[in-house]
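S.K.: Okay, here's the structure, questions in a sec.
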Amino acid sequence: MSCRRDAGTSMESHSNRSDSTRSSRLYGQVLMQRPQAKPQYVQWLAAINKLIDFQEVHIQAQSKLALEQAGGFVTVMLTALSLALLTGSALAWFISRSIRGQLGA
């Protein structure tokens, strides 16, 4: 989810807006009152939006990699669980036969 803003508009209101977002909005409002500062604000806003885009691409790539690795992990864990259950069952069967054999059953 990206939080983008355009020059001259305020960010959507969120109930838990952080202090940095509030100060950024206030800074933008002050700059809009000074016509000579508007070009710098627009340039700054474009740079922030470019950074957001970069971070979104990076996060999506990392998420895809994490999901692929997690899918492989599930397969490995299910295989290990199956082997453990088979080994445990076989061991329990051999132990119970050995005990019954010693008891003469």
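S.K.: How much length, in nm to one decimal, is gained on full extension between residue 98 and residue 68, taken as 0.36 nm per residue of separation minus their Cα-Cα distance? Before the final figure, lay out the partial values.
M.R.: Details: separation 30, 0.36 × 30 = 10.80 nm, distance 4.55 nm.
Here the answer is 6.2 nm.
S.K.: When the chain is fully extended, how far beyond the present Cα-Cα distance does residue 40 get from residue 80, taking 0.36 nm per residue of separation?
M.R.: On the way: separation 40, 0.36 × 40 = 14.40 nm, distance 5.92 nm.
Value of the extension gain: 8.5 nm.
FYI, it's all coordinate maths here, none of it is from the lab. Note that this is a predicted model, so its numbers are computed, not measured.
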